[in-house]
Amino acid sequence: MPIAASASGGGSFLPLLLIIVFIVGMYFLMIRPQQRRNRDLQQLQASLGPGAEVMTGSGIYGTVTDVDEDEGTVSLEVSPGVTLRMARAAVARVISTGEVAEDDTAEEADDEVDHDTDVTPNPIIERKD
């Protein structure tokens with residue numbers, strides 16, 4: 001009888017070990033990546049400055065015009081002459097970080113177009129029925 005009792009007592013650590021391994025696995029697969037995403041988002045929100053194009057959590061796109069550090073708000077210009085004041089925490093993503101001069105973008109567009117080639121539109125193909 002004593003041999004059977006010691007054999008069944010040794011197997012009770014296996015379920016406890018599986019539970020511990022499961023908890024540790026869940027931590028590394030779910031909790032830790034979420035903490036990293038939250039930390040990255042907070043750094044992104046803290047680094048906002050005027051001229052940054054952003055998207056809010058509700059899907060509103062705009063350009064940051066002013067940042068109020070004391071109140072934790074940003075002013076977003078969503079359309080010419082239309083400015084919204086939002087919580088800094090509402091910013092979900094930064095599209096571009098700084099102001100780009102309009103002259104620079106026009107020069108880049110001109111550089112991409114090859115003016116030497118003759119571009120003719122494709123003729124419309126008529127279908128005969």
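Side notes on the structure shown:
- In this structure the amide hydrogen of A52, modeled in the peptide plane, comes within under 5 Å of the amide hydrogens of V64, none closer than 5 places in sequence on its chain.
- Additional length obtainable on full extension of the chain from F13 to R36, 0.36 nm per residue less Cα span: 4.9 nm
- Note on D70 and R93: their simple-model spin labels are 3.4 nm apart, each label 7 Å out from Cα toward Cβ.
- Net lengthening on full extension, S47/E77 (0.36 nm per residue, minus Cα-Cα): 9.0 nm
- At full extension, I23 and L84 could sit 17.6 nm farther apart than now, given 0.36 nm per residue minus the alpha carbon distance.
- For the range 64-75, 3J(HN,Hα) computed residue by residue from phi via the Karplus equation (6.51, -1.76, 1.60; θ = phi - 60°) reads 5, 9, 8, 10, 9, 5, 5, 8, x, 10, 10, 9 Hz, glycine and proline entered as x.
Rule-based calculations on the coordinates, nothing more; no lab input. Quick caveat, the model's predicted, so the values are computed rather than measured. Reconstructed Cβ throughout: ideal geometry from the backbone, glycine too, with neighbour counts over all protein chains shown.
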